[in-house]
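Student: Mind having a look at this structure? Questions to follow.
The values are calculated or read from the model by the stated rules, or taken from the named source; none is laboratory data. Here the structure is a predicted model, which means the values were calculated and not measured. Heads up, the Cβs are rebuilt from the backbone with ideal geometry, glycines too, and the neighbour counts pull from every protein chain shown. These area figures cover heavy atoms from the full protein model, side chains too; ligands, DNA and RNA do not enter into them. Shrake-Rupley method; radii C 1.70, N 1.55, O 1.52, S 1.80 Å.
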Amino acid sequence: MSHSLTLPAPAKLNLMLHITGRRADGYHELQTLFQLLDYGDRLHFELAEDRARGPHIELADSAGIPGPDNLINRAAASLQPHARLPVAVRVRLDKVLPVGGGLGGGSSDCATTLLALNEFWHCGLSRSDLVRLGTTLGADVPLFVRGHSAWAEGIGERLHPVDLPARWFVVCQPDSAVSTRAVFTDPGLTRNSQITTIRTALEGGGRNDCEPVVRRRYPEINTMLDTLSAYGPARLTGTGACAYTVFEQEGAARSAAADLAAQYRTFVAPGINRSPVIDLLPTLSDLTAPYIS
Ligand SMILES: C[C@](O)(CO)[C@H](O)COP(=O)(O)OP(=O)(O)OC[C@H]1O[C@@H](n2ccc(N)nc2=O)[C@H](O)[C@@H]1O
Ligand SMILES: Nc1ncnc2c1ncn2[C@@H]1O[C@H](COP(=O)(O)OP(=O)(O)OP(=O)(O)O)[C@@H](O)[C@H]1O
């Protein structure tokens, strides 16, 4: 039996994002439609018995994100008190998603780690327990722990799963990086959008309220959005920096991506409703069988 395996950490797009208020702690209330993509990071997990040191992880490749800040280490630290099987886990991150791209990469890495370690360490936490832990680590972690495309309210933690039509997305990444905090603290940000409905959002209504601020602060992203618009309706995801356009057919998406790749780092991915990591969870506890005495 192999004691290692690879799990996906998929990306998300925000198909619309309205900001409807601001909480006392400074976080913003929003309404957003999350689309999962069949594209993302990969986390390699390797198990080793190390009863002396107790349950812990060793993050071999942190993609330039310092150890203690890395959401993979933070996920492990939050699960350690619940661990019942003292297995050491070596983790290697194959970072595909741009950091700070608005694709939720850090949150997705965090969620995949929570889901995997809950099995490896026999923590026995329910999905709702993991969502609660995840909420304290990042705004998009609950989405990836639930693992389904969703309508979200609150700061992104009140989730309602939705089934979105099968479509293809072309995503472009500019050279600029966007600071999520800077966008949310910009005085010009719309913070009082009218409450909309899930139905309107599913019918394609809505916009990304962060877009005017990002267009003004980052001229390169303004130009990128205009360039993408030549292929279809273009939109920023999250607070950026990435933007995307959508196609019904794979061929049309690939042909647009071939053009855009001359100017921007570009990828094509189908939308998915269910995260691939969820279907792999039942197989994880098999991996720990050799360590149970
Ligand atoms: C805007 C979204 O991309 C929508 O998917 C996400 O909610 C942002 O998620 P994220 O990058 O994981 O953000 P976090 O690391 O949780 O927050 C970064 C900073 O953005 C601001 N922030 C974030 C989310 C939110 N709903 N309101 C906020 O005001 C806060 O200043 C926070 O300190
Ligand atoms: N494993 C990780 N991968 C990416 N970022 C991480 C990770 N661990 C910690 N971070 C930190 O999280 C922050 C956000 O990274 P991430 O790539 O998730 O942003 P994002 O794609 O803009 O996400 P969102 O759409 O949720 O705003 C960065 O400041 C980064 O330093």
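Student: Say the dipole of the chain comes from +1 at the beta carbon of Lys and Arg and -1 at that of Asp and Glu; which of V141, P55, S4 then lies farthest toward its positive end?
Tutor: V141
Student: Using a 1.4 Å probe on the protein chains only, how many percent of the accessible area of the chain belongs to carbon and sulfur?
Tutor: Numbers: 6370 of 12770 Å².
Solvent-exposed carbon and sulfur of the chain make up 50 percent of the total.
Student: A follow-up question, please. Give the peptides 219-228, 146-155 in descending order of average Cβ contacts within 10 Å, highest first. Please report the intermediate quantities before stating the final value.
Tutor: Details: 219-228: 17.2, 146-155: 20.2.
Ranking the peptides 219-228, 146-155 by packing returns 146-155, 219-228.
Student: Another question, then. In nm², what is the average projected area of the convex hull enclosing the Cα atoms of region 159-293? Walk me through the numbers before you get to the answer.
Tutor: Details: hull surface 48.4 nm².
Projected area, direction-averaged: 12.1 nm².
Student: Charges on Cβ only, +1 for Lys and Arg, -1 for Asp and Glu, centred on the Cα centroid of region 163-293; of P165, T223, P233, which one is farthest towards the dipole's positive end?
Tutor: Result: T223.
Student: To continue, here is another question. Using unit Cβ charges (K, R positive; D, E negative) and no other charged atoms, how large, in debye to the nearest 20, is the dipole of region 1-292 about its Cα centre? Spell out each step's value before the answer.
Tutor: Working: 27 positive and 30 negative charges, 105 e Å.
Computed charge dipole of region 1-292: roughly 500 debye.
Student: Bin width 5 Å, origin at 0, all Cα-Cα pairs of region 1-139: what percent of pairs per bin?
Tutor: Using 5 Å bins, I get a P(r) of 2, 9, 18, 21, 20, 14, 8, 5, 2, 1, 0 for region 1-139.
Student: Using alpha-carbon positions, what is the distance between the centroids of region 82-108 and region 172-232, in Å?
Tutor: After rounding, the separation between the Cα centres reads 27 Å.
Student: Moving on to the next point. When the dipole is taken about the Cα centre of region 178-243, and only Lys, Arg (+1) and Asp, Glu (-1) are charged at their Cβ, what size is it in debye, to the nearest 20? Could the numbers behind the result be given before it?
Tutor: Working: 8 positive and 6 negative charges, 32 e Å.
Around 160 debye, computed over region 178-243.
Student: Relative to the compact-globule scaling 2.2 N^0.38 Å, provide the ratio for the alpha-carbon radius of gyration of the chain.
Tutor: Numbers: Rg = 19.4 Å, N = 293, 2.2 N^0.38 = 19.0 Å.
Normalised Rg, Cα atoms only: 1.02.
Student: Okay, moving on. Taking the Cα centre of region 214-283 as origin and charging only Cβ (+1 Lys, Arg; -1 Asp, Glu), how large is the dipole, in debye to the nearest 20?
Tutor: Details: 7 positive and 6 negative charges, 63 e Å.
Dipole of region 214-283, to the nearest 20 debye: 300 debye.
Student: Once Lys and Arg get +1 and Asp and Glu get -1 on their Cβ, which of A182, A111, V246 lies farthest toward the positive end of the dipole of region 1-292?
Tutor: Value: A182.
Student: Would you kindly derive the ³J(HN,Hα) couplings of region 150-167 from the backbone phi angles with the Karplus curve 6.51 cos²θ - 1.76 cosθ + 1.60 (θ = phi - 60°), listing them in order in whole Hz, with x for Gly and Pro?
Tutor: 7, 8, 10, 10, x, 9, x, 9, 8, 10, 10, x, 10, 9, 9, x, 6, 8
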